[in-house]
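One structure below.
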Amino acid sequence: MGTKKSRGMAYSHNNQKKIAVINDFTGFGRCSLTVFLPIVSALKVQCCAIPTALLSAHTAYDEFYLRDCTADLPPYIANWKHLGLQFSGIATGYFGSPAQFAIAKDFIADFRSDNTLVLVDPVMADDGVLYEGFTEKTCERMRSLVPDADLLTPNVTEACLLTGTPYHEGSWRRRELEVLTEQLAELGAKNIVITGIPAGTYVANACREKGGDLQIFRTLRSGQPRSGTGDVFSAILIADAVNGRTLPDSVQHAARFIQKCMIKSEEMKIPPEDGVCFEELLDIL
Ligand code: PXL
């Protein structure tokens, strides 16, 4: 008989690896939770969503509806505590209000165990410009989350904002990236990946593991930059980490997947603000 005992294992919410993702739910535009949910699931990890805001479309569109979910978070998280949920990974992304930074910090403190990997994606800017609704204060609050990061995944604009480095257009030299990642490590991040770095006809991702040298991985750029690729990157990195893949291997895994998505998105003439049509390629992830 298929009783619990005969299988040698009791039912538990925590039998399968899972990741908690604190990020917005955007209905159209492929970013944040609507990227994390399918990608983390495709990598065979359960993705448990904590929505920071509800948006009709992301903030790079001229028009969007936004509802801040700050008031929902305390009872939502309290329920998870009662359920006794344990997470192999926690990922933070876009915040809908200033108060959510402290809520995320408390969530990490309450749910982190020795086996939990915390990824902080300091979502706040791109191409040298802060996202709609964000200010220097947002940046200060984001800096306060950096010491919680086992893995920090800024784009180059966010790396500059966090470290007070002037942003410039065009390619970034190895030495500049070494200084940026050293400074991010000094702010308290254990492992760092700077994503989507312009490098001429290439896109580079710079990876610094705790105590290690900077490793730079380049892939050929395919078409123009697209929204949400940073979210695809972070989703792959945290699911891979929970699955035991090494960080350099995972960075190359994510970069190659995004490159294929970029090519497919150009082929299908998807507008750049609609992100990448990763659905077409989920089966090869
Ligand atoms: O992909 C980053 C991101 C996440 N969430 C929202 C955004 C953006 C970038 O524009 O607007 C709501």
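A few points about this structure:
- Close pairs from the range 224-245: first on the phi > 0 side of the Ramachandran plot, partner within 12 Å of the ligand (Cβ to nearest atom) and not basic (Lys, Arg), Cβ under 8 Å, at least 6 apart: Gly228/Gly29; Gly228/Cys31; Gly228/Ser32; Gly228/Val35; Gly228/His58; Gly228/Gly275; Gly228/Val276
- Looking only at the range 115-127, and only at residues there that are farther than 18 Å from Tyr61 by Cβ and modelled with pLDDT of 95 or more, the one that is nearest to the ligand (Cβ to nearest atom): Asp121
- In the range 54-72, the residues that are surrounded by 14 or more Cβ atoms within 10 Å (Cβ to Cβ) and not hydrophobic (A, V, I, L, M, F, W, C): Ser56, His58, Thr59, Tyr61, Asp68, Thr70, Asp72
- Restricting attention to the range 91-106, the residues being in contact with a helix residue (DSSP H, G or I) (Cβ under 7 Å, 6 or more places away or on another chain) and over 20 Å from Ala241 (Cα atoms) number 10.
- Cβ separations smaller than 8 Å between residues 6+ apart or across chains give the following pairs from the range 46-60 residues that are more than 14 Å from Leu33 (Cβ to Cβ) and in contact (Cβ under 8 Å) with a residue 40 or more places away in the chain to residues that are among the acidic types (Asp, Glu) and surrounded by fewer than 22 Cβ atoms within 10 Å (Cβ to Cβ): Thr59/Glu132; Ala60/Glu132; Ala60/Glu273.
- Filter result for the condition that a residue is more than 15 Å from the ligand (Cβ to nearest atom) and hydrophobic (A, V, I, L, M, F, W, C), over Ile236, Ile216: Ile216
- In the range 219-233, the residue that is nearest to the ligand (Cβ to nearest atom) out of those that are charged (D, E, K, R) and closer than 18 Å to Glu267 by Cβ is Arg226.
- Whichever residue in the range 17-53 is within 14 Å of the ligand (Cβ to nearest atom) and small (Gly, Ala, Ser) and, among such residues, is surrounded by the fewest Cβ atoms within 10 Å (Cβ to Cβ): Gly27
- In the range 77-92 there is at least one residue matching the filter, namely being closer than 30 Å to Ser250 by Cβ, modelled with pLDDT of 95 or more and within 16 Å of the ligand (Cβ to nearest atom).
- Count - residues of the range 239-268 that are surrounded by 24 or more Cβ atoms within 10 Å (Cβ to Cβ) and away from the ligand (no atom under 16 Å from the Cβ): 2
- Listed by first and then second residue, the pairs with beta-carbon distance under 9 Å, at least 6 apart or on different chains, first residue in the range 162-178 and free of Cβ contacts under 8 Å to residues at least 60 places away in the same chain, second of a type in the set (Ser, Thr, Tyr) and part of a helix (DSSP H, G or I), are Tyr167/Thr157.
- Failed criterion for Tyr61 (all others in (1) aromatic (Phe, Trp, Tyr); (2) within 11 Å of the ligand (Cβ to nearest atom); (3) touching a strand residue (DSSP E or B) at 6+ places or on another chain (Cβ under 7 Å) hold): (3)
The values are calculated or read from the model by the stated rules, or taken from the named source; none is laboratory data. Predicted model only: the values in this text are computed from it and were never measured. In this analysis, Cβ positions are derived from the backbone assuming ideal geometry, glycine residues included, and neighbour counts consider all displayed protein chains.
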